[in-house]
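Asker: Structure provided below as C-alpha cells; questions to follow.
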Amino acid sequence: MRQLLVIVLAAGEGTRMLSSLPKVLHAVAGRPMVSHVLDAALAAGAAKIAVVVGPDHDKVAAEVRRVAPDAEVFVQSERRGTAHAVLAARSALERGYDDVVVMYGDTPLVRPETIGALRGPLAGGAAVTVLGFRPDNPFGYGRLVTQGGALVAIREEKDASEAERAIGLCNAGLMALDGRAALDILDRIGDANAKKEFYLTDAVEVARGLGRASMVHEAAAEEVVGVNSRAQLAEAEAILQGRLRRRALDGGVTLVAPETVFLSADTSFGRDVIVEPNVVFGAGVRVEDGATIRAFSHLEGAHVGAGAIVGPFARLRPGAELGQGVHVGNFVEIKASDLAPGVKVNHLSYVGDTSVGANTNIGAGTITCNYDGFRKHRTTIGANAFVGTNSLLVAPVTVGDGAYLGTGSVITEDVPADALAIGRARQVNKPGLAARLRAKLSAGLAPKK
Ligand code: UD1
Ligand code: MG
C-alpha cells in the first residue's frame, strides 16, 4: 500500500466572487467547496491531508478541522504561485510519502477514482502525472505539450508560443508527484516567467531535466470545473445536482421530475422512496424506505421514517424526527421535534421543540407556542392523544396519553392522561338577539331619501 499525501491549495482570495466569504467556503450541493475536495481526498485513501490557506483564513481552517480533523493547515503568507503554495506544506512533504497529490480547493467535483487514476503511473516509475482535459475554450489554461505518449512540458497561456496555444489538451490543475522526489523537484522550480511566479506546472520540465518521465491522465471537462465566479459556482452546482439525481435514481428512488429536485451531497434515501416535483433537500436529510415526499416540500436536517408521507408544501427543519408512517401534510412546519410512529399532522400547523407519542392526531391549525420572547420551551404530547383543531399549546406543557383537547383550546396547564381539556370560554347563545340587532341596524342605516 503506497502512502498518500494530498495537498489542497486554498489560499486564493476569490476576488471575482465579490464576497466577504473566502471562495472555497462557498457551497455546492449544500457543502463548502473545500469540504467536497477533502471528502474526495479521504475517500481516495489519503494517509495525510495538508491544506494551504491564505492569511486571515481562520474560517477555512475551522471548516477543514470540522471535516478532516487530522488534516494539517499551512498558511501561505504571500501569493507567489502554485509551486510556492505547495511548498508552504514543506514539513508534510519532508515526512516522505510515496505519492503526493495536489488538488485545488476551488475545483470541487473531482471524484476519488480520478485521484486513484492519477496516482497509477507513479507506481510504474513516473515522477509526475497531470490531470488533462479538453475545454471548449482553452484560453487561460496551461497547455499540455506531449511527445508520443509522454508529457514534456506545461506552458501557461502568457508564456506560450502560438503553436503551443493551439493545443487543445489543457492542465486541469491536479497533479500527482513521486513523493520521494517531490521536494527536490519543487525546490528547483524558479520564477523566470511572464507572471514572475513559481509555477507548479514547471515540475514537468524539471523532472524531465532529472531524467524522469511525466504522464497525462485525461478527465471529462465536467469533472474539473474550477470556480472563480458566481456563474461558475452555479455551473458546478448544476453538474453536481445532475450527479446526485443520477445517484438517487440508480439507488432505487423515484424522482418524478428529477431536474426540479435539489439534493445535498449527504442526502440519503432508502429504497422505493418517491419524490414528487419541486422538492428541496438541504443538508443532513435521511429518508427511509417507502416514504413519499410530495411536491414543493423543503427539508433540512430531518429524518423521515419508513412509509412516512411529507407534504405537499411541508417544511421539515433541523431536528425533525418522523417515525414510521407519520403523515405531515400541507403548510406544516416541524422543528426539533420527535413524531412517533403513526402521528398525523396533516394541515397548517407549527410543531417545534415537541415530542409526540405514537398515533396521536394533531388537528389543523395547531401551534406549539415554544418561545416566550426570551427562551424556548418544550411541549410533550403523549400517545393516542387528540389535539383539536386550532389549539395553542403554550410550552412548557405536557399532555398525557389518550388526552383529548377541545377545538380552539389554549392549553397553558398540563393535561392528565385520558382527560378531556377544553381551554376556551364556553359558548353563549342568546335567542333572537341576532334578528333584533339586524332590524335595529337596518332601520338606523336605511339610505336617506
Ligand atoms: C493554474 C495552472 C494552469 C491550469 C489552471 C487550471 C499553474 C502555474 N497554472 O492556473 O496550468 O490550467 O490552474 O485551473 O499552476 N493558489 C494558491 N497560492 C498561490 C497561487 C495559487 O493557493 O500563490 C491556488 C489558487 O487559490 C487556486 C489554485 O492554486 O485554487 C490555482 O491558482 P490560479 O491562480 O487559479 O492558477 P491559474 O492561473 O488558473
Ligand atoms: Mg484558476
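No lab work stands behind these numbers, since they all come straight from the coordinates. Predicted, not measured: the structure shown is a model, and the values here were computed from it. Note that each Cβ is placed from the backbone with ideal geometry, even for glycine, and that neighbours are counted across all protein chains shown.
Asker: Can you give the relative contact order of the range 239-355 as a percent, counting alpha carbon pairs under 8 Å and 6+ residues apart?
Answerer: Normalised by residue count, the contact order of the range 239-355 is 15 percent.
Asker: Helix 433-445 sits at what angle to the longest principal axis of the chain, using alpha carbons and giving 0 to 90 degrees rounded to 10?
Answerer: 80 degrees
Asker: Under the rule that an exposed site lies in a DSSP loop and has at most 15 other Cβ atoms within 10 Å, name the longest stretch of the chain with no GluC sites (Glu not before Pro) of that kind, not counting the sites themselves. Please report the intermediate quantities before stating the final value.
Answerer: Details: sites that count: Glu13, Glu78, Glu413.
Result, exposed sites excluded: 79-412.
Asker: Please compute the modelled spin-label separation between Arg2 and Asp98, points set 7 Å along Cα→Cβ, answer in nm with one decimal.
Answerer: Simple spin-label model gives 0.7 nm for this pair.
Asker: May I pose another question? Mark the label point 7 Å from the Cα of Asn137 along Cα→Cβ and return the residues of the range 223-243 whose backbone N is within less than 13 Å of it.
Answerer: 232
Asker: Sort Asp338, Asp178, Asp56 by Cβ crowding within 10 Å, fewest neighbours at the top.
Answerer: Arranged by neighbour count, lowest to highest, Asp338, Asp178, Asp56 become Asp56, Asp338, Asp178.
Asker: Is the shape of the range 169-274 rounded, prolate or oblate, going by the alpha carbon gyration tensor and its root eigenvalues a ≥ b ≥ c, with a/c under 1.5 for rounded and a/b larger than b/c for prolate?
Answerer: prolate
Asker: Related question: Could you give the nm distance between label points at Glu162 and Val410, where each point is 7 Å from its Cα heading toward the beta carbon?
Answerer: For the pair Glu162/Val410, the computed spacing is 8.5 nm.
Asker: Could you point to the residue in Gly284, Gly323, Val102 farthest towards the positive end of the chain's charge dipole, with +1 and -1 charges on the Cβ of Lys/Arg and Asp/Glu respectively?
Answerer: Towards the positive end, the residue furthest out is Gly323.
Asker: Mind sorting Leu255, Leu210 by how few other Cβ atoms lie within 10 Å of their own Cβ, fewest first?
Answerer: In increasing order of surrounding Cβ atoms, one gets Leu210, Leu255.
Asker: Enter the per residue convex hull volume of the range 1-132, computed from alpha-carbon coordinates, in Å³ rounded to the nearest integer.
Answerer: So the per-residue hull volume is 113 Å³.
Asker: What size of dipole, in debye to the nearest 20, comes out for the chain about its Cα centre when the only charges are +1 on Lys and Arg C-beta atoms and -1 on Asp and Glu C-beta atoms?
Answerer: Its charge dipole is roughly 2200 debye.
Asker: Here is a follow-up. List the lysines whose Cα sits under 23 Å from the Cα of Lys344, skipping any in the same chain fewer than 8 residues away.
Answerer: Answer for Lys344, where 23 Å is the Cα cut-off: Lys335, listed by chain and number.
Asker: Next question. Among the chymotrypsin sites (Phe, Trp or Tyr not before Pro) within the range 88-179, which fall in a DSSP loop and have no more than 16 other Cβ atoms within 10 Å of their own Cβ?
Answerer: Answer by residue number: Phe139.
Asker: Also: Can you give the helix-only mean residue ellipticity at 222 nm for the chain, where every DSSP H stretch with n ≥ 4 adds -39500 (n - 2.57) and the sum goes over all residues, rounded to the nearest 500 deg cm²/dmol?
Answerer: Taking each H run of at least 4 residues, the total per residue is -6000 deg cm²/dmol.
Asker: Please name whichever of Ala364, Gly382, Thr398 sits farthest to the positive end of the charge dipole of the range 351-439, dipole taken about the Cα centre and charges placed at Cβ: Lys and Arg +1, Asp and Glu -1.
Answerer: Ala364
Asker: Report the extension gain between Ala443 and Ala238 in nm, rounded to one decimal, defined as 0.36 nm multiplied by the number of residues separating them, less their alpha carbon distance.
Answerer: 67.0 nm
Asker: Let me have the relative contact order for the chain, percent, based on Cα pairs under 8 Å that are six or more residues apart.
Answerer: Reported as a whole number, the value is 8 percent.
Asker: Can I ask one more? Residue farthest toward the positive end of the dipole of the range 12-92, with Cβ of Lys/Arg at +1 and Asp/Glu at -1: which of Met33, Ala92, Val53?
Answerer: Met33
Asker: Run a plain Debye calculation on the chain (Cα atoms as equal point scatterers, no solvent) and give log10 I(q)/I(0) at q = 0.11 Å⁻¹, rounded to two decimals, same order as the q list.
Answerer: The calculated log intensity ratios at q = 0.11 Å⁻¹ are -0.89.
Asker: Among Tyr199, Tyr350, rank each residue by its count of other Cβ atoms within 10 Å, from fewest to most, as a rough exposure measure.
Answerer: Values: Tyr199 24, Tyr350 19.
In increasing order of surrounding Cβ atoms, one gets Tyr350, Tyr199.
Asker: Given R₀ = 41 Å, FRET efficiency for Arg111-Asp401 by Cβ-Cβ distance, to 0.05?
Answerer: Approximately 0.20, to the nearest 0.05.
Asker: In addition: Based on Cβ point charges of +1 for Lys and Arg and -1 for Asp and Glu, what charge dipole magnitude is obtained for the range 110-221 about its Cα centre, in debye rounded to the nearest 20?
Answerer: Dipole size: approximately 160 debye.
Asker: Next question, about the same structure. For Glu218, enumerate residues with amide H under 5 Å from its amide H, sequence gap 5+ or separate chain, H modeled in the peptide plane.
Answerer: The list, which skips near neighbours in sequence, is Gly132.
Asker: Moving on to the next point. Could you list the trypsin sites (Lys or Arg not before Pro) in the range 67-174 that lie in coil according to DSSP, counting only those with at most 14 other Cβ atoms within 10 Å of their Cβ?
Answerer: Arg79, Arg95
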